[in-house]
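Peer 1: Okay, here's the structure, questions in a sec.
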Amino acid sequence: MKIGEICVVNEERLVRTFLELLQQESPSLDEFPMGKWLSSHLSQRGFKVTMDDAGNRIGGNCGNIVAFRAGVPGREPICFSAHLDQIQPCRGIKPVIDGDLIRTDGTTTLGGDDKAGVAAIIEAVEHILEENQEHPDLYLLFTVCEEQGLQGSKNFDTGMLPARNMVIIDAAGPAGILAYKAPAMRHIEMKFYGRKAHAGIEPEKGINAIMVAAQSIARMNTGRIDFETTVNLGKIEGGLATNIVPDEVTVIAEVRSHSMKKLEEQTDHMMQCCELISEQYRSRYRFVSDISYPAFELSKESTIYQTCLQAFQRAGIEPQPIITGGGSDANILSSKGYHCAIISVGMDQVHTVDETINIRDMYKTTVALTHMLRVD
């Protein structure tokens, strides 16, 4: 295979597979149709397919799926991974092919996140089988409930997957993006407690929890804190009616940072703001935070990072290493001992009804996957 040669996989079949996957409805916790389709498809191609009990643990109907096909002895095994679930609304998807783009009719999400990743993996497998190409031991990991707090990977049975080097096909943008670092995230819930009173007759007897929350929030650092730290206040809820001084308000927030020190500093700062204003109003508050996922960083010297770079170059793709601000299965799986690289597959405007997949980028990513499997 010549360097830069890209016309190696069946684009028509790749698109056909992607469209077929779109018909397997798979909102989080209801991925069974996707899991059933994949298990059957891969079993027919000589893979040993197993499913863990993550679905039972998280209240879903499908577990994480691991498929294995033996390769050339003595070679370092590799794992490709993607997630099965997608953001709602995702029932009754009607895909539209518009030139190089696949979109929906505007009533649902498309599910390119992450069915384009699944389709790319499947076509890469089809290619190596058709070409009778030698490959290392190959593992495929398909996780569930990624879109709902990474619950599938958090409950993954690592005993099913001995391969340590993993490529996760789940990044937006054109082919060639290689995310090697992502932040940790803290989920924060702040409850402010005031005292009810009639707003028209005796408001002075009440403590307005909305005002306590508002003034606490006003003191907080939010948005982009620095190059590696962000804070967002995403939801506020409370109050009953305009004639009642509200006695309870809940604020949901998050802090993300590549630095655990900064993550804790911003969390402490937010709690101190709640403490200060609550004391001024002589009211109470409750501050609860927990780590949603840890940070991860893949060494640029690692085998899998170099494998991705070389595969992109051989496929004629310009590598674009990036530091991402989002979380993914890589955050969890890297904490379990896996070396994870996240690559793009042509997604755009994910998590919206305007989501699209670029067919050419999905194709290029698939070509890169086939290069990762080559045994030279």
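Readers should treat all values here as calculations from the given coordinates under stated rules, not as data from a laboratory. Quantities reported herein were computed from a predicted structural model and do not represent experimental measurements. No Cβ is skipped: glycine too gets one built from the backbone with ideal geometry, and neighbour counts run over all protein chains shown.
Peer 1: Give me a comma-separated list of calculated 3J(HN,Hα) values for segment 194-200, in order, Karplus coefficients 6.51, -1.76, 1.60 applied at θ = phi - 60°, integers in Hz, x for any Gly or Pro.
Peer 2: These are the phi-based 3J(HN,Hα) values: x, 8, 5, 6, 6, 5, x Hz.
Peer 1: Considering the chain as a Gaussian network with a 10 Å cut-off on Cα pairs, which listed residue, HIS135, HIS187, HIS258, attains the greatest mean-square fluctuation?
Peer 2: With Cα springs under 10 Å in the chain, the top fluctuation among HIS135, HIS187, HIS258 is at HIS187.
Peer 1: For the residues ARG256, ARG45, what sequence is obtained by ranking on other C-beta atoms within 10 Å, fewest first?
Peer 2: Ascending number of Cβ neighbours within 10 Å: ARG45, ARG256.
Peer 1: For the chain, calculate the relative contact order in percent as a whole number, restricting contacts to Cα pairs under 8 Å that are 6 or more residues apart. Spell out each step's value before the answer.
Peer 2: On the way: 884 pairs, mean separation 90.8, N = 376.
With pairs under 8 Å counted, the relative contact order is 24 percent.
Peer 1: Considering Cα pairs under 8 angstrom that are at least six residues apart, work out the relative contact order of segment 184-293 and quote it in whole percent.
Peer 2: In percent, rounded to a whole number, it is 42.
Peer 1: Still on this structure: Could you list CYS79, CYS145 so that the one with the fewest beta carbons within 10 Å of its beta carbon is first and the one with the most is last? Kindly include the intermediate steps, with their values, before the conclusion.
Peer 2: Values: CYS79 25, CYS145 28.
Final ranking by Cβ density, sparse to dense: CYS79, CYS145.
Peer 1: Straight-line reach only, C-alpha to C-alpha below 18 angstrom: list the lysines that LYS261 could link to, leaving out same-chain residues fewer than 8 apart.
Peer 2: Within the straight-line cut-off, LYS261 pairs with LYS181.
Peer 1: Fewest first, what order do GLU25, GLU76 take by the number of other Cβ atoms within 10 Å?
Peer 2: GLU76, GLU25
Peer 1: According to the square roots a ≥ b ≥ c of the eigenvalues of the Cα gyration tensor, what is the shape class of segment 22-131, taking rounded for a/c under 1.5, prolate for a/b larger than b/c otherwise, and oblate for the remainder?
Peer 2: Because a/c hits 1.5 or more and a/b fails to exceed b/c, segment 22-131 counts as oblate.
Peer 1: Using R₀ = 25 Å, calculate the FRET efficiency as 1/(1 + (r/R₀)^6) where r is the Cβ-Cβ separation of ASP157 and GLN313; round to 0.05. Working shown, then result.
Peer 2: Values: r = 35 Å, r/R0 = 1.41.
My answer for the efficiency is 0.10.
Peer 1: Going by amide H atoms built from the backbone, whose H comes under 5 Å of the H on GLU146, apart from near neighbours?
Peer 2: The answer is LEU84, ASP85, GLY152.
Peer 1: Search the structure for amide H atoms under 5 Å from the amide H of ASP170, placed 1.01 Å from N in the peptide plane, and list their residues when 5 or more places away or on another chain.
Peer 2: Those qualifying (amide H under 5 Å, at least 5 residues apart or on another chain) are ILE343.
Peer 1: I'd like the distance separating the alpha-carbon centroids of segment 34-93 and segment 335-376, in whole Å.
Peer 2: About 16 Å separates the Cα centre of segment 34-93 from the one of segment 335-376.
Peer 1: Also: Taking LYS300 as the anchor, which aspartates and glutamates have their alpha carbon closer than 20 Å to its alpha carbon, excluding any fewer than eight residues away along the same chain?
Peer 2: Leaving aside aspartates and glutamates fewer than 8 places away in the same chain, those within reach of LYS300 are GLU76, ASP170, GLU228, GLU318, ASP329.
Peer 1: Using the Karplus curve 6.51 cos²θ - 1.76 cosθ + 1.60 with θ = phi - 60°, work out ³J(HN,Hα) for each residue of segment 139-153 in order, rounded to whole Hz, and write x for Gly and Pro.
Peer 2: 10, 10, 10, 10, 9, 10, 6, 5, 6, 10, x, 6, 5, x, 5
Peer 1: Give me, ordered by chain and number, the residues 5 or more places off GLU248 or on other chains with an amide H under 5 Å from its own placed amide H.
Peer 2: Answer set, sorted by chain and number: GLY194, ALA209, GLY239.
Peer 1: Under 24 Å from the Cα of LYS196, which lysines turn up, not counting those fewer than eight places away in the same chain?
Peer 2: In chain and number order, the partners are LYS205, LYS235.
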